[in-house]
Amino acid sequence: MTTEEKANIDWANVGFGYHKTDKRYVSNYKDGKWDEGTLTEDSNIVLNESAGVLQYAQTCFEGMKAYTTVDGKVVVFRPDMNAKRMAATAKRLEMPVFPEDRFVEAVEQVVKANLKFVPPYGTGATLYLRPFMFGSAPVMGVKPSAEYQFRIFASPVGPYFKGGAKPITLTVSDFDRAAPHGTGHVKAGLNYAMSLHAIVTAHANGYDENLYPDALTRTKVEETGGANFFFVTKDNKVVTPKSDSILPSITRRSLMYVAKEYLGLETEEREVYLSELKDFAECGLCGTAAVISPVGKIVDHGKEILFPSGMEKMGTISQKLYETLTGIQYGRIEAPKGWIRVIA
């Protein structure tokens, strides 16, 4: 597809927000089975006032991106992993699993139907894809919905950090993100709803994000409201927190693989204690939206922890991780088998 066939969008200033595209995918679950699914131009959803999603927050979602690579191909990064994670989330929320193969096929359909909205290579912009599912049948008693809708929409988005990623400041939150045996390990909408008050509070106090400690002992690092942590030790080992209530980030798992297999670094997934934050050389958040957000400072109830990487730029190892993973995504570096799904 040539540049002339692209949508008339100022890609350099598209911003990280919702932009309606031409088509989205819809499939409905009724009488114990999913229908065949279809693409539609209708971006609106009509629901009964007592729908399960509106009454009891029975909803989950995923996030991924389509890219234009250096050689002009349109690709999606590891959609099979999103399909697996949504299946795990659906089971935890007593929702029917949308078949993983159909999930990937639906992603392909949405990207192909919106090719003109996939930003050109070199703009820093991407096509964000949002698969989601919700209980659509009326419910009064507290129980799972009898019917569901699975949808995927697409929206072109600019880089999460326009002008480059500057290190951010976190605060150790007094709120809990997830209970020890709760839903922190799945991508349920309710996890994000409960984080809104905490993030607004953090912003009001001058911080960019929250560090949520574990809810049981409040001594261990878990994650932020929407991203996993990783740390770099002073001898360049990449460490990521281990917990049953952390969402298994696809970006984080990919970065750990890149660290070991591409950069030859030692990696470790283990419990990380707040008391050892001062000993790390670098700290970062990782997720689909920004890939890596460098952290320069964490404030723990008045005590400031400044990482040696500083507040001006991403740390050396974090930068290498970022450049390698984005290089894989954009086709500048050869990808591990199965990571890149070519759409067009």
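The values are calculated or read from the model by the stated rules, or taken from the named source; none is laboratory data. Bear in mind the structure is a predicted one, so any value in this text is a computation, not a measurement. As a convention, Cβ positions derive from the backbone with ideal geometry for all residues, glycine included, and neighbour counts pool all protein chains shown. Only protein heavy atoms, including side chains, enter the accessible area calculation; ligands, DNA and RNA are left aside. Shrake-Rupley method; radii C 1.70, N 1.55, O 1.52, S 1.80 Å.
The table for this structure:
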{"read-out": "Test: residue in segment 15-34 that is of a type in the set (A, V, I, L, M), more than 28 Å from Pro159 (Cα to Cα) and outside any helix (DSSP H, G or I)", "value": "no"}
{"read-out": "Every pair of residues 6+ apart whose Cβ atoms lie under 7 Å, when the first sits in segment 85-110 and is open to solvent by 10 Å² or more (accessible area, probe 1.4 Å) while the second is of a type in the set (Phe, Trp, Tyr) and part of a helix (DSSP H, G or I)", "value": "none"}
{"read-out": "Any hit, segment 71-82, residues being within 14 Å of Ala188 (Cα to Cα) and modelled with pLDDT of 95 or more", "value": "yes"}
{"read-out": "The listed residue being within 24 Å of the chain's Cα centre (by Cα) and not in a loop (DSSP other than H, G, I, E, B), out of Val53, Val70", "value": "Val53"}
{"read-out": "Search result, residues across segment 73-88 that are basic (Lys, Arg) and either closer than 12 Å to Pro131 by Cα or within 15 Å of the chain's Cα centre (by Cα) (or both)", "value": "Arg78, Lys84, Arg85"}
{"read-out": "Tally of residues being under 24 Å from Leu54 (Cα atoms) and open to solvent by 10 Å² or more (accessible area, probe 1.4 Å) across segment 146-161", "value": "5"}
{"read-out": "Any pair with Cβ under 8 angstrom, 6 or more apart, that starts in segment 235-250 at a residue that is closer than 21 Å to Gly264 by Cα and ends at one that is polar (S, T, N, Q) and open to solvent by 40 Å² or more (accessible area, probe 1.4 Å)", "value": "Lys237/Thr267; Val238/Thr267; Val239/Thr267; Thr240/Thr267; Ile250/Thr288"}
{"read-out": "Residue that is nearest to Leu115 (Cα to Cα) [pool: residues in segment 17-48 that are open to solvent by 90 Å² or more (accessible area, probe 1.4 Å) and either touching a residue at least 24 places away in the same chain (Cβ under 8 Å) or touching a Phe, Trp or Tyr at 6+ places or on another chain (Cβ under 7 Å) (or both)]", "value": "Lys20"}
{"read-out": "Single match in Gly287, Gly315 (criterion: small (Gly, Ala, Ser), touching a residue at least 60 places away in the same chain (Cβ under 8 Å) and crowded, with 22+ Cβ neighbours inside 10 Å)", "value": "Gly315"}
{"read-out": "Of residues in segment 298-310 being assigned to a loop (DSSP other than H, G, I, E, B) and closer than 15 Å to Leu285 by Cβ, the one least open to solvent (accessible area, probe 1.4 Å)", "value": "Phe307"}
{"read-out": "Index of the failed condition, Arg253 passing every other in (1) surrounded by fewer than 17 Cβ atoms within 10 Å (Cβ to Cβ); (2) more than 18 Å from the chain's Cα centre (by Cα)", "value": "(2)"}
{"read-out": "Given (1) closer than 24 Å to Leu325 by Cα; (2) without any contact (Cβ under 8 Å) to a residue 60 or more places away in the chain; (3) small (Gly, Ala, Ser); (4) open to solvent by 40 Å² or more (accessible area, probe 1.4 Å), number of the condition Gly206 does not satisfy", "value": "(1)"}
{"read-out": "Considering residues of segment 111-125 that are open to solvent by 10 Å² or more (accessible area, probe 1.4 Å) and not in a loop (DSSP other than H, G, I, E, B) only, the residue farthest from Thr326 (Cα to Cα)", "value": "Ala113"}
{"read-out": "In segment 113-151, the residues that are among the aliphatic types (A, V, I, L, M) and more than 15 Å from the chain's Cα centre (by Cα)", "value": "Ala113, Leu115, Val118, Ala125, Met133, Ala137, Val139, Met140, Val142, Ala146"}
{"read-out": "Residue selected from segment 318-343 under the condition touching a helix residue (DSSP H, G or I) at 6+ places or on another chain (Cβ under 6 Å), in contact (Cβ under 8 Å) with a residue 60 or more places away in the chain and over 25 Å from Ile168 (Cα atoms), by the criterion least open to solvent (accessible area, probe 1.4 Å)", "value": "Ile343"}
{"read-out": "Residue satisfying all of: in segment 256-293; β-branched (Val, Ile, Thr) and in a strand (DSSP E or B); farthest from the chain's Cα centre (by Cα) among these", "value": "Thr267"}
{"read-out": "Segment 295-307 residues that are at pLDDT 95 or above, paired with ones that are part of a loop (DSSP other than H, G, I, E, B) and aliphatic (A, V, I, L, M) (beta carbon under 6 Å, 6 or more apart)", "value": "Gly296/Met311"}
{"read-out": "Yes/no for Phe61 being at pLDDT 95 or above, among the aromatic types (Phe, Trp, Tyr) and within 24 Å of Gly182 (Cα to Cα)", "value": "yes"}
{"read-out": "Checklist (1) part of a loop (DSSP other than H, G, I, E, B); (2) farther than 30 Å from Thr217 by Cα; (3) touching a strand residue (DSSP E or B) at 6+ places or on another chain (Cβ under 8 Å) applied to Met140, failing item", "value": "(3)"}
